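Written below as structure tokens is the structure these notes are about.
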Amino acid sequence: RELGEAREDVVSDVRIKLTPLGPDRAWEQFNAHQLQLRRYYRLALRQSRIMLIIGLACVVSGLAVIVVVIAYITSAENPGTAQTIVTAAVGGAGGLFTEYVAAIYLKMYATTSVTLNDFHNRLVSTHHLHLANYISERIGSVADRERTFETVASEIAKL
């Protein structure tokens, strides 16, 4: 799959470089950017899904440790006091540490989501720029096209 995507990138780059300046080249750039956006979203969703599964596994394992220790303590027929205290302490500490790791993970996941959202907004802006370039290139009058490019450039400068 990655080899096919790399081949598509090379073909797209060559196509853009061989296309003369004008609406066709702007269209090729716009399509290449759409392809790259699609790949980015697939990758980001795959990584987010993996991170979510790992975090949920931490939470579930922490709860499982606590439940197993409670079940062990309540099912022991005649446990000694020292054995009960040690088992409860080890189980409780294990559960707490697992929950702590899960809390850190969930905080990292939330921070990653915010970062990905910011990156997504920048990609959307770039996509709009490619679309504006394509639309501007389609304007027939040279004077109107130049005026449109000036307007687009001034709007970009405001960002």
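Read-outs throughout are calculated quantities, based only on the coordinates presented, and are distinct from any laboratory measurement. Remember, it's a predicted structure, so these values are computed and weren't measured experimentally. When we count neighbours, we look across all protein chains shown, and the Cβ atoms used for this are built from the backbone with ideal geometry, even at glycine.
Structure values in brief
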{"quantity": "Within-12-Å neighbourhood charge of Gly55 [Cβ basis; K, R +1; D, E -1]", "calculated": "+1"}
{"quantity": "Packing-based exposure ordering (other Cβ within 10 Å, fewest first) of Phe119, Phe149, Phe30", "calculated": "Phe119, Phe149, Phe30"}
{"quantity": "Square roots of 5 times each gyration tensor eigenvalue, C-alpha, segment 27-129, largest first, Å", "calculated": "49, 11, 6"}
{"quantity": "Cut-off 11 Å between beta-carbons: net charge of the residues surrounding Ile139, Lys and Arg +1, Asp and Glu -1", "calculated": "0"}
